[in-house]
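Working notes for the structure below.
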Amino acid sequence: MLLIRCPYCEEERPELEFRNAGEAHIARSSDMAATSDDDFEKFFFIRSNPKGIIYERWRHMHGCARFFNAVRDTVSDRFLMTYKAGEPKPAKLPGASK
Amino acid sequence: MIAAFRIPGAGRLKQAETASFSFDGRPYAGVEGDTLASALLANGVHLVGRSFKYHRPRGFLSAGAEEPNALVEVKRDAARKTPNVRATVQELYDGLTAQSQNRWPSLSFDVSAVGDIASPLLSAGFYYKTFMWPKSAWKNLYEPKIRAAAGLGVAPDQPDPDHYSARYAHCDVLVVGGGAAGIAAALAAAETGVRVILADEQADFGGSLRFESGARIDGQDGFAWAQGAVAKLKAMDNVRVLSRTTAFGYYAQNFVGLVERVSDHLQSPGRDLPRERLWQVRASRVVLATGAIERHMVFADNDRPGIMLASAARTYLNHYGVAVGRNVGVYTANDSAYAAAIDLKKAGVGVAAIVDLRDNPTGPVIDEARALGIEVNFGRAVIRAGGKLRVSSMTVQPKNGGGERTIPVDAILMSAGWTPSVHLFSQSRGKVAFNDETKRFVPGAYAQDCVSVGACNGTDGLSATIDEAYAAGAKAAKDAGVKNAGADTVKGAKPKVDASESWSRGMLGAAPGAGADTTVKAFVDFQNDVTAKDIRQAVHEGMRSIEHVKRFTTNGMATDQGKTSNMHGLAIAAETLGKPIPQVGLTTFRAPYTPVTFGSIVGHARGPLFDPTRKTAIHPWAERQGAVFEDVGQWKRAWYFPKAGEDMHAAVDRECVTVRKTAGLFDASTLGKIEVVGPDAAKFMELLYTNPWEKLEPGRCRYGIMLREDGFIYDDGVVGRLAPDRFHVTTTTGGAPRVMNHMEDYLQTEFPHLNVWLTSITEQWAVIAVQGPKSRDIIAPLVEGIDMSDDALPHMSVREGKICGVPTRLFRMSFTGERGFEVNVPADHGQAVWEALWAEGQKHGACAYGTEAMHVLRAEKGYIIVGQDTDGTVTPGDAGLDWAVGKKKTDFVGIRGMARPDLVAKGRKQLVGLKTKDPKVVLEEGAQIVGDPKQAIPMTMIGHVTSSYWSQNCGRSIALALFAGGRDRMGETLYVPMPNGTIEVEVTGMVFFDEKGERLNG
C-alpha cells in the first residue's frame, strides 16, 4: 500500500484514504458548447497513459476530501510529488528517474 | 515413558511434560515444546506423506518453514480441518490429531504409487504432451483421474468457525527474523529509543542458534543468550516482540505483511482468541535478518524417508532431544554437515560414514570428526539410496567412477550448502547479485529503505554477523529519525561472540551419479516431484529462460516456492545450457513467503461485517409489519408488505390499487440528498444540471437531469429551492455517493470561482412519501405553519414548517402520478412521524407500500429510473426528456458531449412503451426485441425491455423498452423471441395510466 502526501493536510497518509481521479491538467474549455469535435475528442477521450511520469488527480476521499494533483512514476509506482489543484505543472521534479 | 528416539538429557525440552497425539489414527506420546515432526521422529516415524505426482513415500526433509514433504492435515473438529500443514512447523499440543494426505488406501500401501512406475508418462511437461488423445478422453478421463491422483490436502467443506483479527502498526525499525542477526539489530535499534518491532516465525527466538551447539555469546550458550536478549527487548516499552509471526509479504514503501499464529499451538484456545492475527506494518526502516536455508544433495532416490538436511537432524537433536536414527550416514559438499555428525556421535548415535564430495577439505570440524572415530571419505559420492518406506543404505562410489560400496544406514544427513533467504528482499523489488566465488545470490541494489544482515546477506560467521547486524540496527534507528525518542545513541553494549561456527560454499546442481548421462530419480523439487532429469529435458525441449524451465517442469512452483530447490534447478539448467548461472537468471520471488490462510487476509470482513448494512429510521417499523426487504446497494429497503395469505404478487397488486384509490405511505429515506448552498448555488446548479435554475422561485421544485461530460444521463432527481442561495437536491438511491463526488470534483477543480458548498444530507433527513388522493387529508392534521391548499402548495413546491412538532421540509411532489407529498424530517424523528402519519392514514384506509409497488406505479406513469431504463449510453433525447434541457443555456456539463454527431444521429435507441398483444403476458426485463421474427438466427436485435410489470391498475402488463428508432415506430408490432415462443408487442407511449396527468391534483 502506497503512502500519499496530501498537499492540503500536509501529511503522508495510506493509499486507502485516497481515490484516483484520472489524468491531471486537462482543462475544460470555458466555451464548452463551441468546442470542435477534434478538441472535444482530445479533452474527453484521449489520455497519455505514459510509461514513466504521469500527472494525475487524486482525491483525499476519506480525509479532507480535497482533489489535488500528483506526479507519479508508473514504472516504480513512486509518487514524486503532490500539489494543490489549480497549481501549474511543476517545472522540476524531485528524484525523477529520467 | 520416554519415546524410543528421545535421548534422555538431550535438547531443551522438559521431557517429563508429555502430550499425547495421534497420527493416522495411531496414538503417540510427545513432549511439550515438540513440533509434530519432532514428536513423530521421537517415535521413530519418518514416513509421513506421499509425493504430489508419483506418490513416492516421503519423510521430513527439514525442521522448519522450508519443509516440502511433511504436509499433513491437522484436525480439531469437523469444521476445523487444516490441510497442508507443515509438520515441522505445527507445534504439538495435547490431543492433537493429524492425518497424512494424498494416499489411498494407506500411507504405507498407496495404490497410486504405480505413478512412480508409470513415470515415463508423467515426465516434465506431461500435461502438454501425453494423454492428449482422443481429445474427449482428456476431459472425461485423464484430467479428472490425474487430478484425483495428484495433489495435496483436501479443503475443509464447512465454514471456518475461527475468527481472525487484524492490526495496523507503525514503527521506526522492523526487524524480520529473530536469529542472532535479528536480535543484535533489534537490540542496537531499541537501545536508541526508537519504536522497534521484532518478528520471528518460530515459537522460540534464536534461529540457527537452536542447533549451533558451538556458538557462545556474552559468555553463554548462543540459544540461552538469545532468550535473555529477547526477554530484555520484551521488557522495553518501545519494542514489540512477535513470535510465531511470519513476514510473508514486502510491499511498497516499507509496508510489510506479517501473520501471527495466535492459537494454532494451543490445546483449547479460548473463543476470545483469534486463530491468527494479520499485522500490516509500516516501517521507516526494515532490517531483514531472514537467515539461510540449507540445500539437499541431488542424488538418486534422495527422497527416501530418513534422508534429511544435516541442520534439521541437528535441530532435532540439540533442540528437541531427538535422534533421527541409530546409524546415520552423512553426505555433504561443505563443512556444516560435519557438525551434525559430531553432535550426533557425541550423543551416542552411530555415524556409519561421512561421504564428502570435496577432494581434500581441511579444517577443525574434519579433524574433530576423525578424532571421534567417524569414518570420513573424500572425493566420493552417494550414488543411490536404498530402501523404500525408509532409507536402508547408501551406495558410495568415487566421484569419477569406480567400485561401489553399499553402507547400511537408517538415516542420511545431507548438506549441499546454504542458500541466503533473499525472498523478502526480492519482493521489495531489490535486485539480487550473483557472487561467483561463493555461488550465491545475495542482495544487490536496494529499492526500498531496508538492509539485509547476516546469512541472508551472505555474511558468514557469527562474529561478522553480529557486527554487521548491530551496526545496521543502530544505523536504521538513526536513519529512521529519532524524533520519537529521547536519545540517538546506542546505550547498550554490542554482544560479544566468544565461540562460533562458520561454513560456506558447497555445491549447486546434481551430484555425480545423477548427471546428464543418467535417468535416475534425483529430486530437485520434492514437493512438485521434479528431478534433475526433468530440468535437463526441459532445456533439451527448447526452454532457454529459467522462467520457462520453471513453468515447464513446475520446479519451485509448489507451496514451498522452491526454498530448497530453486538454486539446484537453476544450476542444472545453466549447466545443460552451457551458460553461467547469472545469465540464466533467477526467478522472481513473490509473496507470500509461506502459505497464508484466507482467514487471516479476510479478518473480520465476512458475513454481516463484509459490507456495511444501511437501515433507515423507519426500518424497525417495517420489520414489525412483516415487510420483505431487498438489498439496494448497501441499503435494506422494504420491498413489499404482505398481509396474511398474500404472496408477493397479491401484496404488490393491493398496494398499487390502494395508493391510487386512497393513499399509501412509502419510506423514501434512502434517496440521496445533497444541500447546495451559497451565493453562487444557482450558478453551480446551472452548470451541473441540464435544466435552468436561476429563475426557479424559492419554494418551487424542478425535476433535474445530470449528465456526464459525454452527454449521457448520469443521475436525476427532484430539486427544491428553499431559498435563493439554498437548494435541496435529491439523487437516486444508488447514485448518491458518486453524484456528490461528481459535484465536488467540478466545484473544486473546474468551477472553484463559485462560492458554493456541498453537504451530504442523505442520512440527516428521513423521507416519508405520502401518495394518493387522500394524501393531503392524512398529512394536514399533523402540519403546523404550512398552508396545504393547492394554491399555496401546488404540485412541485416545497415549504419548511413543522410536522408533529418537529421541523420538516415538506415537498409536494409525486413519483406515482397521484397527488403526493414527501415529508422530510430529521432522521431521529423519522419513525415517530411515520407512526403518526400511519395512524392518520389508517383512518383513510391507506397502506404502506414497498419498492416493488413504487416501481410499478412510476412505470404506469412512464417515469424512468436512471440505471434501469438508462444504461450510461442514453441521452436526454433518447429518454424523451428533451424538455428538461435548458435550450438557452450556454454551458452545463454534457452540453458539448450530447451534441456529438453520433448522439444526434437518426435511428438511436429511444425509450418508449410496449404493450403485449396478450395483456396477460408480462415481458421479461432484459428481453431482446426484433423487428422480424422470421429472420435467420442470429437475429438482428434492435433493443431490449428495460422495465416490465403486471399493472393491476391498468388491468394488463406494461413495459418500457429502449430500441432503435423507438418513437418513430409508434403503433408498430415488434417481437420478443423467448425460449417458449415469440411474444408480439405493440409500440406505445410511455404513459399507461392517467395520460393527462389530472390525478396529480386529484
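The values are calculated or read from the model by the stated rules, or taken from the named source; none is laboratory data. Only a predicted model underlies this, so the values are computations on that prediction, with no experimental measurement involved. Positions of Cβ are backbone-derived with ideal geometry, glycine not excepted, and every protein chain shown enters the neighbour counts.
Segment B:534-590 holds helices (runs of 4 or more DSSP H) entirely within its bounds, and those carrying 2 or more residues that are within 22 Å of B:Met414 (Cα to Cα) and over 33 Å from the mean Cα position of the chain (by Cα) map to B:566-577. Picking from residues in segment A:65-80 that are surrounded by 13 or more Cβ atoms within 10 Å (Cβ to Cβ) and in contact (Cβ under 8 Å) with a residue 40 or more places away in the chain, the one that is nearest to the other protein chains (Cβ to nearest Cβ) is A:Phe67. Within segment A:26-59, the only residue that satisfies the criterion of being within 12 Å of chain B (Cβ to nearest Cβ), within 15 Å of the chain's Cα centre (by Cα) and exposed (fewer than 12 other Cβ atoms within 10 Å of the Cβ) is A:Ala27. Can you find a residue in segment B:913-926 that is surrounded by 12 or more Cβ atoms within 10 Å (Cβ to Cβ), modelled with pLDDT of 95 or more, away from chain A (no Cβ under 14 Å) and over 20 Å from B:Pro979 (Cα atoms)? Checking segment B:913-926: at least one residue is surrounded by 12 or more Cβ atoms within 10 Å (Cβ to Cβ), modelled with pLDDT of 95 or more, away from chain A (no Cβ under 14 Å) and over 20 Å from B:Pro979 (Cα atoms).
Out of all the residues in segment A:5-25, which are within 12 Å of the chain's Cα centre (by Cα) and within 10 Å of chain B (Cβ to nearest Cβ)? Scanning segment A:5-25 gives A:Arg19, A:Ala21, A:Gly22, A:Ala24. Answer yes or no as to whether B:Glu763 is in a strand (DSSP E or B), among the acidic types (Asp, Glu), touching a strand residue (DSSP E or B) at 6+ places or on another chain (Cβ under 9 Å) and touching a residue at least 60 places away in the same chain (Cβ under 8 Å). For B:Glu763, the condition - in a strand (DSSP E or B), among the acidic types (Asp, Glu), touching a strand residue (DSSP E or B) at 6+ places or on another chain (Cβ under 9 Å) and touching a residue at least 60 places away in the same chain (Cβ under 8 Å) - is not met. Does segment A:61-71 include one or more residues that are among the polar types (S, T, N, Q) and under 13 Å from the mean Cα position of the chain (by Cα)? Within segment A:61-71, one or more residues are among the polar types (S, T, N, Q) and under 13 Å from the mean Cα position of the chain (by Cα).
Taking the criterion of being part of a strand (DSSP E or B), under 25 Å from A:Ala70 (Cα atoms) and modelled with pLDDT of 95 or more, would at least one residue in segment B:726-747 satisfy it? No: zero hits. If you go through segment B:870-898 and pick out every residue that is within 14 Å of chain A (Cβ to nearest Cβ), buried (at least 22 other Cβ atoms within 10 Å of the Cβ) and touching a helix residue (DSSP H, G or I) at 6+ places or on another chain (Cβ under 7 Å), you end up with 3. What about B:Pro773, is it out of contact with any strand residue (DSSP E or B) (no Cβ under 9 Å at 6 or more places or on another chain) and either within 14 Å of chain A (Cβ to nearest Cβ) or not in a loop (DSSP other than H, G, I, E, B) (or both)? The answer is no for B:Pro773.
Let's see how each residue does on (1) assigned to a loop (DSSP other than H, G, I, E, B); (2) surrounded by fewer than 24 Cβ atoms within 10 Å (Cβ to Cβ); (3) aromatic (Phe, Trp, Tyr); (4) at positive phi:
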residue: B:Arg277; (1), (2), (3), (4): no, yes, no, no
residue: B:Ala283; (1), (2), (3), (4): no, no, no, no
residue: B:Asp303; (1), (2), (3), (4): yes, no, no, no
residue: B:Thr315; (1), (2), (3), (4): no, no, no, no
residue: B:Tyr320; (1), (2), (3), (4): yes, no, yes, no
residue: B:Ala340; (1), (2), (3), (4): no, no, no, no
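Is at least one residue of segment B:192-209 assigned to a strand (DSSP E or B), surrounded by fewer than 24 Cβ atoms within 10 Å (Cβ to Cβ) and at pLDDT 95 or above? No: zero hits.
From the list B:Gly417, B:Gly430, B:Gly379, the lone residue that is touching a strand residue (DSSP E or B) at 6+ places or on another chain (Cβ under 9 Å), on the phi > 0 side of the Ramachandran plot and buried (at least 18 other Cβ atoms within 10 Å of the Cβ) is B:Gly417.
From the list B:Thr988, B:Thr982, the lone residue that is within 52 Å of the chain's Cα centre (by Cα) and under 30 Å from B:Met813 (Cα atoms) is B:Thr988. Note down all Cβ pairs under 9 Å where the first residue falls in segment B:769-795 and is over 16 Å from B:Met813 (Cβ atoms) and small (Gly, Ala, Ser), the second is part of a strand (DSSP E or B) and modelled with pLDDT of 95 or more, and they're at least six residues apart or on different chains. Matching pairs, first to second residue: B:Gly785/B:Arg799; B:Gly785/B:Glu800; B:Gly785/B:Gly801; B:Gly785/B:Lys802. The set of residues in segment B:934-975 that are crowded, with 17+ Cβ neighbours inside 10 Å, closer than 22 Å to B:Leu881 by Cα and hydrophobic (A, V, I, L, M, F, W, C) comprises B:Ile942, B:Val945, B:Ile958, B:Ala959, B:Leu960, B:Ala961, B:Leu962, B:Phe963, B:Ala964. Candidates are the residues of segment B:441-451 that are part of a strand (DSSP E or B) and in contact with a helix residue (DSSP H, G or I) (Cβ under 8 Å, 6 or more places away or on another chain); the one that is surrounded by the fewest Cβ atoms within 10 Å (Cβ to Cβ) is B:Val442. For segment B:659-681, residues that are outside any loop (DSSP other than H, G, I, E, B) and within 16 Å of B:Glu750 (Cα to Cα) total 1. Among B:Thr870, B:Thr890, which is without any contact (Cβ under 8 Å) to a residue 12 or more places away in the chain and in a loop (DSSP other than H, G, I, E, B)? Going through B:Thr870, B:Thr890 in turn, the sole match is B:Thr890. With the condition kept exactly as written, say whether any residue in segment B:218-227 is farther than 20 Å from B:Arg277 by Cα and among the aliphatic types (A, V, I, L, M). Yes, some residue in segment B:218-227 is farther than 20 Å from B:Arg277 by Cα and among the aliphatic types (A, V, I, L, M). Check whether at least one residue in segment B:254-271 is free of Cβ contacts under 8 Å to residues at least 40 places away in the same chain and within 14 Å of chain A (Cβ to nearest Cβ), and report yes or no. Looking through segment B:254-271, at least one residue is free of Cβ contacts under 8 Å to residues at least 40 places away in the same chain and within 14 Å of chain A (Cβ to nearest Cβ). Within segment B:735-753, restricting attention to residues that are more than 10 Å from chain A (Cβ to nearest Cβ) and buried (at least 18 other Cβ atoms within 10 Å of the Cβ), the residue that is farthest from B:Asp871 (Cα to Cα) is B:Met743. Given the condition within 13 Å of chain B (Cβ to nearest Cβ), touching a residue at least 12 places away in the same chain (Cβ under 8 Å) and surrounded by fewer than 16 Cβ atoms within 10 Å (Cβ to Cβ), answer yes or no: does some residue in segment A:83-93 qualify? Yes; the residues of segment A:83-93 include at least one that is within 13 Å of chain B (Cβ to nearest Cβ), touching a residue at least 12 places away in the same chain (Cβ under 8 Å) and surrounded by fewer than 16 Cβ atoms within 10 Å (Cβ to Cβ). In segment B:424-451, the residue that is nearest to B:Thr290 (Cα to Cα) out of those that are in contact with a Leu (Cβ under 9 Å, 6 or more places away or on another chain) and among the aromatic types (Phe, Trp, Tyr) is B:Phe425.
For the criterion of being free of Cβ contacts under 8 Å to residues at least 24 places away in the same chain, of a type outside the set (Lys, Arg) and away from every other protein chain (no Cβ under 11 Å), B:Glu694 passes.
Among the candidates B:Gly222, B:Gly249, the residue that is closer than 14 Å to B:Lys496 by Cα and either of a type in the set (Lys, Arg) or in contact (Cβ under 8 Å) with a residue 24 or more places away in the chain (or both) is uniquely B:Gly222. Looking across segment B:23-34, just one residue is surrounded by 24 or more Cβ atoms within 10 Å (Cβ to Cβ) and either touching an Asp or Glu at 6+ places or on another chain (Cβ under 6 Å) or assigned to a loop (DSSP other than H, G, I, E, B) (or both), and that is B:Asp34.
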